1. What tally of residues in region 37-76 results from selecting those that are in contact with an Asp or Glu (Cβ under 7 Å, 6 or more places away or on another chain) and of a type in the set (A, V, I, L, M, F, W, C)?
2. Restricting attention to region 157-188, which residues are of a type in the set (Lys, Arg) and either part of a helix (DSSP H, G or I) or over 16 Å from Phe125 (Cβ atoms) (or both)?
3. For Ala34, indicate whether it is under 17 Å from Lys140 (Cα atoms) and part of a helix (DSSP H, G or I).
4. Does region 339-358 include one or more residues that are surrounded by fewer than 17 Cβ atoms within 10 Å (Cβ to Cβ) and over 21 Å from Tyr241 (Cβ atoms)?
5. Which residue pairs have Cβ atoms closer than 9 Å, lie 6 or more positions apart in sequence or on different chains, and pair a first residue in region 73-98 that is free of Cβ contacts under 8 Å to residues at least 60 places away in the same chain with a second residue that is among the acidic types (Asp, Glu)?
6. So, in region 125-165, how many residues would count as being over 27 Å from Phe65 (Cα atoms), surrounded by fewer than 16 Cβ atoms within 10 Å (Cβ to Cβ) and touching a residue at least 24 places away in the same chain (Cβ under 8 Å)?
7. Limited to region 246-279, what total is found for residues that are open to solvent by less than 50 Å² (accessible area, probe 1.4 Å) and of a type in the set (Lys, Arg)?
8. How about region 40-57: which of its residues are over 16 Å from Gln133 (Cβ atoms), open to solvent by less than 60 Å² (accessible area, probe 1.4 Å) and either more than 27 Å from the chain's Cα centre (by Cα) or not polar (S, T, N, Q) (or both)?
Amino acid sequence: MEQQDFEDIRPYRDSEIPAAMSRIAESTSFPLLASYVFPDMELNSVKEKIKSIRTTEEFQTQVMFYMNQQIISRTITEFTYAGLEHLQTDQKYLFIGNHRDIVLDSSLMQYVLYNNGHETSEITFGANLMQGQLIIDIGKSNKMFKVERPTGNPKEFYRASLHLSQYIRHVICEKHQSIWIAQRNGRTKDGIDLTEQGIIKMFGMSGKGRKSDALAELHIAPVAISYEWEPCDILKTLELYERRQLEHYIKKPGEDVNSILTGIVQPKGKVHIEFCKPLTIDELSAYDPLTAGDFHRRVARLIDERIHRSYRLTPNNYIAYDLQHGTSEHSDRYTEEQQSAFISRLRMLQRYEESCDLKALTDIFMGIYSNPVSSKSAQKNEESPTT
């Protein structure tokens, strides 16, 4: 497969970076972006800095690195990570992560990789998000590639899936770059992290030989990210509420951009990234005798097991579970002060009381935080069945 086969979805090449940097520096939103990423620099100095960037690597190390630092210092009280011992610096991986925030999940992972001697990865970015030249320029300069999700026409969906599958294999096996992709189409909004079977099917579409060989070649490595305060928790609650009320949910103009900005600036408390053990050929080949559908389901479940096991629960998760289930089962895992802080956040839903069913909103909000407790508990029960 030649690189020109993917002109419609690929990130920028280094030769395209200078023009992109000039457009970014001259955009009307640049002063706001510059003041956030480089708060101690004069605007003209930041503009000169941006216009001097010539490669993707320079953009990531001279801009995105500092953006992540600002996010961590301003909105995260404790940032931790683990599991890097499972990765080899000379190996390229298909990182498949639980997806809680449009930008931060992959961006913070890049920050960890870079700081620990690993190359950064390419990143999937939904076509619905690549709107407006500024977002396109920032995304494609940051190794993001476009993912089309056609609906309605099965032939178009198949072509788009095969095209994406071919590109993923091309990047890992020929460009020798890693990739980050979400475990499902869109963010997890209800706190239940589950890998879509269709994602696994898509991975294998471009492979040859046994089903297990097609996936093993990609070196699939699950990644779990955990937030103490879920990014966009209020916005997610409102969206889930509307989806339950309306037969067809239609996103409002600017909704995705608002979610991106909210996720960046909202306080997130403790954040943890866990690199799970990559899937092995022995694990995958054990499923080869299964039908294609069962094979895909079992691989998806294997990824879920890794992510659920590595997800790091916080007091908010236990508080929400106890409140929702009317129990004090986990009261030893949080303080009264932490419970009061969670309830204060919960009360922010009261501003929507006139237009929404407050009880339904409250139940959705608490589910976002309590469902990871249920997922982790179910995982433990499967690993230690009673006799």
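The values are calculated or read from the model by the stated rules, or taken from the named source; none is laboratory data. Everything numeric here is computed off the predicted structure, so don't read it as measured data. Here the Cβ is made from the backbone with ideal geometry for all residues, glycine too, and neighbour counts use every protein chain on show. Accessible surface areas use protein heavy atoms only, side chains included; no ligands, DNA or RNA. Shrake-Rupley method; radii C 1.70, N 1.55, O 1.52, S 1.80 Å.
1. Of the residues in region 37-76, 0 are in contact with an Asp or Glu (Cβ under 7 Å, 6 or more places away or on another chain) and of a type in the set (A, V, I, L, M, F, W, C).
2. Step one: of region 157-188, the residues of a type in the set (Lys, Arg) are 159, 169, 175, 184, 187.
Matches in region 157-188: Arg159, Arg169, Lys175.
3. Working: under 17 Å from Lys140 (Cα atoms): no; part of a helix (DSSP H, G or I): yes.
The answer is no for Ala34.
4. The answer is yes; a qualifying residue exists.
5. Within 9 Å, the pairs are Thr89/Glu119.
6. 2
7. Result for region 246-279: 1.
8. Correct list: Ser45, Val46, Lys47, Lys49, Ile53.
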